[in-house]
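Worksheet for the structure shown next.
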Amino acid sequence: SGGFVNIIAGSWILLVEGNAPKWNTYISYHKVAVISGDVITLDRPTEFDFTGATGADNYGVIRIAPIENVEVKGIKITIGDLNNLPYNFNSGLSAYITIENCRMRSESAAFPYAHAYANDSFTFRLLNNRWDTGTFGGWDRGSYGSEQGNIYYNIGTSSHEEGEGANHNSTLSNTFLNHIGLSYVLGGSGFYWTILGNTIRSSKNQIPISISG
């Protein structure tokens, strides 16, 4: 009722289902094709049914202005010993991002981390990258992402987690080595995932996979 006064044709919106502050039960990214008063037409069908079947109590429409169409290929990213913070790729509210054939490592004794995140993203692709140190945590609230052919040599003491409202993502033919985090290499809660052909080696008798949704 009252229309969508802050939304125009061509805007990106998130349809969100869940409870504040994360709104992370289910999220769907859409572009607005047409708007007329209190009716918007989306770029593709939505899977929301707004019935509360997932147990969520709240729903919303959030207008965003994402970064779009970014490619990062063939570079080496290193954190030096004098740096005081771990680095990361954070794709927050982005669409159509590709990171391919990159190498990431830390040379810092104080911060032996090499993070990369695909959170809050639509169609984020990680292809044939290599993490010599650190962890990758991603796909929280992300959708239609692909993680394929990557090698994670030493995930370290942090956790490699994927999930929290993420949907339509694929994790294919990746290698996860020396996972010693307190949580899972692959975790939920996700919807419509393909996890196929991965190699996972866990240390300290950690359970490497948890799937929920």
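Some observations on this one:
- Residue list for the range 26-39, filter: touching a residue at least 12 places away in the same chain (Cβ under 8 Å) and either out of contact with any Phe, Trp or Tyr (no Cβ under 6 Å at 6 or more places or on another chain) or loosely packed, with under 12 Cβ neighbours inside 10 Å (or both): Tyr26, Ile27, Ser28, His30, Val32, Ala33, Val34, Ile35, Gly37, Asp38
- Within the range 129-143, no residue satisfies the criterion of being open to solvent by 30 Å² or more (accessible area, probe 1.4 Å), free of Cβ contacts under 8 Å to residues at least 40 places away in the same chain and either in contact with an Asp or Glu (Cβ under 6 Å, 6 or more places away or on another chain) or under 13 Å from Asn167 (Cα atoms) (or both).
- Checking the stated criteria, Val72 turns out not to satisfy the condition of being over 19 Å from Ser143 (Cβ atoms), without any contact (Cβ under 8 Å) to a residue 60 or more places away in the chain and either assigned to a loop (DSSP other than H, G, I, E, B) or out of contact with any strand residue (DSSP E or B) (no Cβ under 8 Å at 6 or more places or on another chain) (or both).
- Residue in the range 6-25 that is open to solvent by 50 Å² or more (accessible area, probe 1.4 Å), modelled with pLDDT of 75 or more and assigned to a strand (DSSP E or B) present: no
- When residues in the range 40-50 are screened for being open to solvent by 60 Å² or more (accessible area, probe 1.4 Å), of a type outside the set (Ser, Thr, Tyr) and at pLDDT 85 or above, 2 of them pass.
- The range 61-99, residues that are modelled with pLDDT under 90, under 29 Å from Ala110 (Cβ atoms), open to solvent by less than 90 Å² (accessible area, probe 1.4 Å) and not aliphatic (A, V, I, L, M): Thr78, Gly80, Asn83, Pro86, Tyr87, Asn88, Phe89, Ser91, Gly92
- Top-ranked residue in the range 93-112 [being touching a strand residue (DSSP E or B) at 6+ places or on another chain (Cβ under 8 Å), outside any strand (DSSP E or B) and of a type in the set (A, V, I, L, M, F, W, C); ranked as nearest to Ile79 (Cα to Cα)]: Phe111
- With respect to the conditions (1) modelled with pLDDT of 85 or more; (2) on the phi > 0 side of the Ramachandran plot, Leu126 lacks only one, and its number is (2).
- Residues of the range 108-125 that turn out to be open to solvent by less than 60 Å² (accessible area, probe 1.4 Å) and within 16 Å of Ser170 (Cα to Cα), as a count: 7
The values are calculated or read from the model by the stated rules, or taken from the named source; none is laboratory data. Quick caveat: nothing in here was measured; it's all calculated off a predicted structure. Please note: Cβ atoms are built from the backbone with ideal geometry, for glycine as well, and neighbour counts cover all protein chains shown. Ligands, DNA and RNA are stripped out before the accessible areas are found, and what is left, the full protein with its side chains, is counted by its heavy atoms. Shrake-Rupley method; radii C 1.70, N 1.55, O 1.52, S 1.80 Å.
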